[in-house]
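Report on the structure given below.
Please treat every number below as a calculation from the coordinates, not as lab data. Remember, it's a predicted structure, so these values are computed and weren't measured experimentally. Glycine also receives a Cβ, built like all others from the backbone with ideal geometry; neighbour counts cover every protein chain displayed.
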Amino acid sequence: NAGVTQTPKFQVLKTGQSMTLQCAQDMNHEYMSWYRQDPGMGLRLIHYSVGAGITDQGEVPNGYNVSRSTTEDFPLRLLSAAPSQTSVYFCASSLGWASGVNTGELFFGEGSRLTVL
Amino acid sequence: KQEVTQIPAALSVPEGENLVLNCSFTDSAIYNLQWFRQDPGKGLTSLLLIQSSQREQTSGRLNASLDKSSGRSTLYIAASQPGDSATYLCAPPSDKLIFGTGTRLQVFP
């Protein structure tokens, strides 16, 4: 089983460039989310989605854009990369969702390490 | 807003010891709580999921308990091994799914 697949695994950008981190899951999960992980800060939620066509902001949404046109895919777009966006990005998905709360087991991708120069 | 605290932040023990990792949270109206393991440079691997109707869950040498009334969960690791060395994170769900900063565990031979 593929589970949650993230691409690319590594990326180096220059300040001001844009790019898209891809996330796909093959488990028919409703809930998908993007986190960033920085040393000493733990995991912080960027954006999440509870189904196709539905997205919402997390804790640190500024500078990022998402869309959910299919159940399987949840791309994260960096509109104009800044050095502060240097981080490791994780995509996660879950089957369960009720009353605005994730209720299912959360599965993570392997991560995408982004460096912005 | 859900706040999550994990204690201790780091732990270094000899092989064979039984360990206790603690997770406390402020919002007890949770559906479930999940424990994860993260190896350096890797993603998060789910270890145990405790539904809100359960008080504990076991998998091999791991046992996790959940006390919603006190806002606490505990992960027990029995007979620790060097392969258990990793960072352990807990995540009680909320609308923003907040994670604790984790306990960094090192088990030496």
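At a glance:
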quantity: Residue of A:Phe107, A:Phe90, A:Phe74 that the Gaussian network model of chain A assigns the largest fluctuation, springs spanning Cα pairs under 10 Å; calculated: A:Phe107
quantity: Convex hull volume per residue in cubic angstrom - Cα atoms of the stretch B:10-52; calculated: 125 Å³
quantity: Two-decimal log10 I(q)/I(0) for the protein assembly as shown, as the Debye equation yields it once each C-alpha is a single scatterer, q = 0.16 Å⁻¹; calculated: -1.10
quantity: A:Gln22-B:Val20 FRET efficiency (beta carbon distance; Förster radius 30 Å; 0.05 resolution); calculated: 0.15
quantity: Peptides A:4-14, A:46-56 ordered by average Cβ neighbours within 10 Å, highest first; calculated: A:46-56, A:4-14
quantity: Residue exposure sequence - B:Ser12, A:Ser67 - by fewest surrounding Cβ within 10 Å; calculated: B:Ser12, A:Ser67
quantity: FRET efficiency estimate (nearest 0.05) - Cβ-Cβ, A:Thr5 to A:Ala82, R0 35 angstrom; calculated: 0.85
quantity: Cα→Cβ-extended label distance, 7 Å offset, between A:Leu95 and A:Asp73, nm; calculated: 2.5 nm
quantity: Two-decimal Rg to Rh for chain A - Kirkwood Rh, Cα set; calculated: 0.95
quantity: Chain A, relative contact order in percent, only Cα pairs under 8 angstrom and at least six apart counted; calculated: 35 percent
quantity: Cα-Cα pairs of chain B separated by more than 22 Å (percent); calculated: 25 percent
quantity: Length added when fully stretched, B:Ser65-B:Ala10, from 0.36 nm per residue minus Cα-Cα; calculated: 17.8 nm
